[in-house]
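The values are calculated or read from the model by the stated rules, or taken from the named source; none is laboratory data. Quick caveat, the model's predicted, so the values are computed rather than measured. Heads up, the Cβs are rebuilt from the backbone with ideal geometry, glycines too, and the neighbour counts pull from every protein chain shown.
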Amino acid sequence: MKSIRLFSIASLLMLCFTVGCNPPTPKKKVAKAEGGATGILNKTTTKVGEWDPDAGLEIVVEDGEDINMINRNMKTLGKVTHQSAKWKVHRALEMFRATKGRYPKSHEEFMKKVFHPGIKNLPEPLTTCEYQYDVENHELLIVKKKQ
């Protein structure tokens, strides 16, 4: 009985020492895109155009359910990205309004006094979309790019 106990303790100690002595395995390096982002996630942009209702651009509305799994996942990613961007801009606009008592009067004022000091960047929209600021309604719009 003692020999089994001694053998078990010796085996456990050897296992502990051998596991602890191995060098850590190196992590695989992932190719990084512009700005240090990997893949389609974590990419950011500082481009926010000015909304022109007469330009004929289509505002993106995220609604409906898609049966195709890939489309559904891309729609969900797009919704989350767009909602995150809208939330950041809305919060910064409300902070501006709280301190100044008004909203920015122009796209230039929005970019200089709201976007660059407070937001700095937004999540990259999907490839077919771009951000535009609506001065009249004080909101960030996601519109389809011109073809």
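Among the residues of the stretch 121-135, how many are farther than 15 Å from Glu94 by Cα and assigned to a loop (DSSP other than H, G, I, E, B)?
Qualifying residue count, the stretch 121-135: 6.
Given the condition outside any strand (DSSP E or B), more than 18 Å from Thr46 (Cβ to Cβ) and modelled with pLDDT under 90, answer yes or no: does some residue in the stretch 81-88 qualify?
Checked against the condition, which is being outside any strand (DSSP E or B), more than 18 Å from Thr46 (Cβ to Cβ) and modelled with pLDDT under 90, the stretch 81-88 yields at least one hit.
Six or more apart or on different chains, Cβ atoms under 7 Å: show the pairs whose first residue is in the stretch 125-138 and without any contact (Cβ under 8 Å) to a residue 60 or more places away in the chain and more than 15 Å from Thr44 (Cα to Cα) and whose second is crowded, with 18+ Cβ neighbours inside 10 Å and of a type in the set (Gly, Ala, Ser).
Every condition considered, no pair remains.
Would you point out the residue of the stretch 133-147, among those that are modelled with pLDDT of 85 or more and loosely packed, with under 13 Cβ neighbours inside 10 Å, that is nearest to Ser84 (Cα to Cα)?
So the residue we want is Asn137.
How many residues are surrounded by fewer than 17 Cβ atoms within 10 Å (Cβ to Cβ), at pLDDT 80 or above and under 14 Å from the mean Cα position of the chain (by Cα) if we restrict to the stretch 113-132?
The number of residues fulfilling the criteria is 1.
Taking Thr44, is it surrounded by 14 or more Cβ atoms within 10 Å (Cβ to Cβ), modelled with pLDDT of 65 or more and touching a Gly at 6+ places or on another chain (Cβ under 8 Å)?
yes
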